[in-house]
Amino acid sequence: MTTQIARGNRGRPTGSDADAPTSTGSTTTRVLGVLTLLGFAGLLLLALVLTPADANQGNAVRIMYVHVPSATIAYIGCFLTTLGSALYLWKRSQWWELVGYAGAEIAALFTAVTLVTGMLWGRPTWGVYWVWDARLTSTAMLLLLLLGYLAVRRLPADYPVRAKRASILGLLLVPNVIIVRQSVDWWRTLHQKATIGFDTKLDGLMLFTLFTGFVVIGLFFVWLLIHRFRVAWLEEQVADQGLDAAIAERRAEGTGAGSGPVVPSNLAAGEAAP
Amino acid sequence: MIRDALLVAGKDLRLEVRSRVALNQVVPFALLVLVLFAFALDPDRGLLEKATPGLYWVAVLFSGMLALQRSFAVEAADGNRDALRLSGLDPAGIFLGKFLAVAVQLLVLEVLLLVGVAVLYTTHLSGWSLLVTTVLVATAGIAATGTLYGVVAAGLRVRETLLPLLLLPVLAPVLIGSTRAFEAALAGTPSEGWPWVGLMGVFAVLYVVAGVLGFGPLMEEE
């Protein structure tokens, strides 16, 4: 069963798993995890030690090596959510629905990281944690939209209800982000020109560090995505299995057979027993 | 579809006319919000008049939220959701009907609030063509998103807390757009307001289409 999930179980995962995996790790994720850790070590070395401080921003520029990749990854996560939701609504593919859910969780995480690192960068650079800049405002709205999706996806309701309602929100996520972004852009630029942005010239090593940041955070994203996908998949399995077990128990009561806990795969045998 | 929409809208509006919940609770709440803004921002400093567009639309959103909750609460009782599904009405028609009923209630609310700010905040209303268009387009946007997200939250125990969380971030462009358009109209520079009306128009069309297409699948779940 572990290898089956690792390859990505397309279509609706069903059936009993007596040998259900006890962890969401596999060889692939372990290799990925080690690579990510090594990458983070390298990124820290590059970002904190080897690269020079910026002429204008000083040491604050070092936050950029995490901030910019996080923002990009957050957008990729949102895109996955919309894609997964669309394919769930269209093809009824639970695999894609779970990818969308995992994508939204990670997008929310990285949006929060983007906001926090941005604020930490803003305090020494602008003197304040927050300005009503178009980019900041629309990122905050993005976080709220993602939290709304996650709130619906985690409702205590049956899987089809949760998944379908969340998928409608997920489908609208990217259009909403675009339209919110557009309106906030206009809002801040009709009255005052946006004055803030990275207008730093990057020298070779800084550019390389930023690139490393993209690779490392990208690896981290994939690692998280696989794990969160498997956790979500297992959660649905547990819910299904609980229901199957309950039905089996009721049936066993009805036929007077089977006294112990009934395993779903024994359902047919339990019914055939005298 | 249109006939079904009119049937549903007629039913909802008749319900509101007879129960008078909107009149007895939502309208007083809207006026209360205006008074609360006056308490929060000292009326003597002229802030209220200056901030009228923003305060007005925030009041519309908050009291509109109540009207929306109400529009889906009436379907929650006695398995009405199933009854609607079994009625054979076109889901797109049901969506449009709910949308129309909410829009009509919002319009009434907005007219009353407009009178409210004119009287209580001594705001001089001007630029009528822009004001009226803004009200119509923004109402369409709020009613369409509200109806779509309302059904997403409907029938759940957490719907009262869930709907504002889902809806208000999505409505941010409408709040920004309607506020800017109102500011432009009141400042006598309507040309600055029309692009916002365009943005809200795109928003409203997007959500009406999304609602017409998405309502069927949302109603059909078991």
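Derivation of every value follows stated rules applied to the coordinates shown; laboratory data play no part. Here the structure is a predicted model, which is why all the values come from computation and not from measurement. Backbone-built Cβ (ideal geometry, glycine too); neighbour counts: all protein chains shown.
Give the share of C-alpha pairs in each 10 angstrom bin for the protein assembly as shown, from 0 to the last occupied bin, in whole percents, shortest bins first.
Going from the shortest bin to the longest, the percentages are 4, 16, 23, 22, 18, 11, 5, 1, 0.
State the three equivalent ellipsoid semi-axes of segment B:1-117, derived from the C-alpha gyration tensor as the square roots of 5 times its eigenvalues, in descending order and whole Å.
34, 13, 11
Restricting to Cα pairs below 8 Å that are 6+ residues apart, what does the relative contact order work out to for chain B? Please round to a whole percent.
27
Starting from the Cα coordinates of segment B:148-222, work out the convex hull volume and express it per residue in Å³.
Hull volume normalised by residue count: 78 Å³.
Averaged over its residues, how many other protein chain Cβ atoms are within 10 Å of peptide B:92-100's Cβ atoms? Could the numbers behind the result be given before it?
Details: counts 0, 0, 0, 0, 0, 0, 0, 0, 0.
Other-chain Cβ atoms within 10 Å of each residue's Cβ, averaged: 0.
Simple spin-label model, 7 Å along Cα-to-Cβ: residue B:23 to residue A:243 in nm?
Going from the residue B:23 label point to the residue A:243 one covers 4.6 nm.
Semi-axes of segment B:42-87's equivalent ellipsoid from the Cα gyration tensor, sqrt of 5 times each eigenvalue, largest first, rounded to whole Å?
Working: eigenvalues 325, 14, 3 Å².
Equivalent ellipsoid semi-axes, largest first: 40, 8, 4 Å.
Taking the alpha carbon gyration tensor of segment A:19-156, what are the square roots of 5 times its eigenvalues, largest first, to the nearest whole Å?
32, 23, 11
Quick one: in segment B:87-217, what % of C-alpha pairs are over 23 Å apart?
37
Take peptide B:143-150, look around each residue's Cβ out to 10 angstrom, count Cβ atoms belonging to other protein chains, and average those counts.
Counting Cβ atoms of other protein chains within 10 Å of each residue's Cβ and averaging gives 1.
Can you give the mean number of other chain Cβ atoms that lie within 10 Å of the Cβ atoms in peptide A:164-171?
That average works out to 5.
What order do you get for A:144-156, A:161-173, B:113-125 when each peptide is scored by the mean count of other beta carbon atoms within 10 Å, highest first?
Ranked from most to least packed, the peptides come out as A:161-173, A:144-156, B:113-125.
Taking R0 as 45 Å, what FRET efficiency do you get between residue B:74 and residue A:57 from their Cβ-Cβ distance, rounded to the nearest 0.05?
0.20
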